[in-house]
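The values are calculated or read from the model by the stated rules, or taken from the named source; none is laboratory data. Values in this document were obtained by computation on a predicted structure and should not be read as measured data. Every residue, glycine as well, gets a Cβ built from its backbone with ideal geometry; the counts of neighbours run over all protein chains shown. Ligands, DNA and RNA are excluded from the accessible area calculation, which covers all protein heavy atoms including side chains. Shrake-Rupley method; radii C 1.70, N 1.55, O 1.52, S 1.80 Å.
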Amino acid sequence: MTVAVADPMLPQRYRVTHAQRLLDDTVSLRLTPQDGELPSWQPGQFNMLYAFGVGESAISISGADDNGFEHTVRAVGAVSRAIAALQVGDSIGLRGPFGSAWPVTAAEGADVVFVAGGLGLAPLRPAIEAVLQQRERYGRVVLRVGARRPQDLLFPEALERWRLARDVDIDVSVDHADTQWRGHVGVVTTLIAGARFDPHESIAMVCGPDVMMRFCARSLHDEGVADDRIYLSMERNMKCAIGLCGHCQFGPSFICKDGPVMRYDTIADRLNVREL
Amino acid sequence: MKDLEQILQSHAFLGGCEPEYVQLLVGCARNLRFDAGEYLLREGAAADEFYLIRHGKVALEINVPGKAPIVFSTLGEGEIVGASWLVPPYRWTFDARAVELTRAIGIDAACLRRKCDADSGFGYAMMKRFVPILSQRLHATRLQLLDVYGKP
């Protein structure tokens, strides 16, 4: 018997079934398959979204239910601008999911430290939801969120819901604020030192701009978290998403195939190589 | 109730500090309370006292004429407010405002400088505690300046 294997390079047609503007340049889209079922996925993975006639872009999955994926997109280039401009009812191509996942199951029994910067909260959100859905399986849960300004915070409703959830230590810091803001001001790394978790029994998951992740990983290391218990979600110029084209090569790894979620001890040296 | 020496000993800034040095510091210290909105220090004023925060939150601000002040950092429990007392001409370079009820230990800067000058071992011990904090803050400020969450 011949079993048809889906071509990973062939986009499937999806329809935008919900669109929500989160920030001036950032939207969340709910994408529902037009044919067949939603493929299985794990928190941390990404899809290649194809704006017809414009191009493809790798976008992390920021949520999903039985009917569709949620993707949070910031309009910064031609493709992401085209995706962010889609309306409910529009079609989009989608390949995936691809890549490695957050160690949600491996973290069971441990304290879990999430550190998100800017749009980095989107790829972490499914992992946070997964941990909170089975809260009893984890030790302390700590979430540290950094943003540019208070009005740039992603998912404020989710943050409030998580804050009200059982035994979750959430703190937010912004880089700039006026006197109306009653939270922290300063880089998110400064919130790591004061967090209460057992560094020897913790798994840390970090997502945000490269520079922010590099310094967060160092802060976690300084707090005593072993490098092999720190995970970062790397971002490079992903094209084929299956480790063939080499666009996202990161030393001996391909971010699309070996990442995007990568263990810090395996990449720490490479993070300091300017050419990478 | 804890006395001043016990309070100082339990503050993160003095963690592991030799007891005789804590005793020296007690002579320069006083207990303080700031209500929300109250200023601990003002830009341009004499930097004659700095603060070890016990509880609460303090915003460091730069005043902008005709606009609301810009908060560039917040500090909380276990942190120190103010370093300008270390460097002539001993003038504050920003405002510090209590965001919420804040309890702190105020350290008389002139008193501490005198004791540091008189006992170089004590002075060196104090500098070893201050310099890493200053270094961390400089580093954090650099990261803030990078505006990493801005448009790529």
- prompt: Roughly speaking, what is the centre-to-centre gap between the range A:11-31 and the range A:89-138 when only Cα atoms are used, to the nearest Å?
  reply: 18 Å
statement: Carbon plus sulfur, as percent of the 1.4 Å-probe accessible area of chain B, comes to 55 percent
field: Shielded by partner chains, the range A:182-210 residues - at least 50 Å² of accessible area, 1.4 Å probe, vs chain alone
entry: A:182, A:185, A:187
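With a cut-off of at most 16 other beta carbons within 10 Å, and DSSP calling the residue loop, which chymotrypsin sites (Phe, Trp or Tyr not before Pro) in the range B:74-151 qualify? Please list them.
B:90
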- line: The lysines whose Cα lies under 26 Å from the Cα of residue A:257, excluding any fewer than 8 residues away in the same chain, are A:239
statement: The answer for residue A:173, listing residues at least 5 apart or on another chain whose modeled amide H is closer than 5 Å to its amide H, is A:145, A:146, A:147
message: I need the P(r) histogram for the range A:166-270: all alpha carbon pairs, bin width 10 Å from 0 out to the longest distance, whole percents.
response: 14, 38, 29, 16, 3, 0
Residue-normalised accessible area of chain A, given per residue in Å² at a 1.4 Å probe: 45 Å²
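Carbon-plus-sulfur fraction of the accessible area of the range A:12-98, 1.4 Å probe, in percent?
Working: 1640 of 3780 Å².
Roughly 43 percent, rounded to a whole number.
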- prompt: Name the residues of the range A:58-100 whose accessible area, probed at 1.4 Å, falls by at least 30 Å² once all protein chains are in place instead of their chain on its own?
  reply: A:74, A:76
statement: Long-range amide H partners of residue A:110, meaning residues 5 or more apart or on another chain whose placed amide H is closer than 5 Å, are A:139
statement: The whole-number value in µm²/s of the Stokes-Einstein translational diffusion coefficient for chain A, with Rh from the Kirkwood sum over alpha carbon pairs at 20 °C and 1.002 mPa s, is 112 µm²/s
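Once you average over the residues of B:139-147, how many Cβ atoms of partner chains fall within 10 Å of each Cβ?
Values: counts 4, 7, 2, 2, 10, 8, 1, 6, 4.
For peptide B:139-147, the averaged partner shielding equals 5.
Report, as an integer, the average count of C-beta atoms from other chains found within 10 Å of each Cβ along B:66-78. Don't skip to the answer; put the middle values down first.
Numbers: counts 0, 1, 4, 2, 5, 11, 5, 8, 10, 4, 4, 1, 2.
Across B:66-78, the average partner-chain Cβ count within 10 Å equals 4.
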message: Can you order the peptides B:138-145, A:48-55, A:14-21 by their average number of other Cβ atoms within 10 Å per residue, highest first?
response: A:48-55, A:14-21, B:138-145
- request: Over both sides of the B-A contact, add up the buried accessible area with a 1.4 Å probe and give it to the nearest 100 Å².
  value: 2100 Å²
message: Ignoring ligands, DNA and RNA, please state the percent of accessible area on the range A:124-181 from carbon and sulfur, probe 1.4 Å.
response: 43 percent
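Could you give the accessible area per residue of chain B, probe 1.4 Å, as a whole number in Å²?
Numbers: 7850 Å² over 152 residues.
Here the residues of chain B average 52 Å² of exposed surface.
Tell me whether the range A:12-98 comes out rounded, prolate or oblate; compute the Cα gyration tensor, take square roots of the eigenvalues as a ≥ b ≥ c, and use a/c under 1.5 as the rounded threshold.
Rounded shape, in that the Cα axes give a/c under 1.5.
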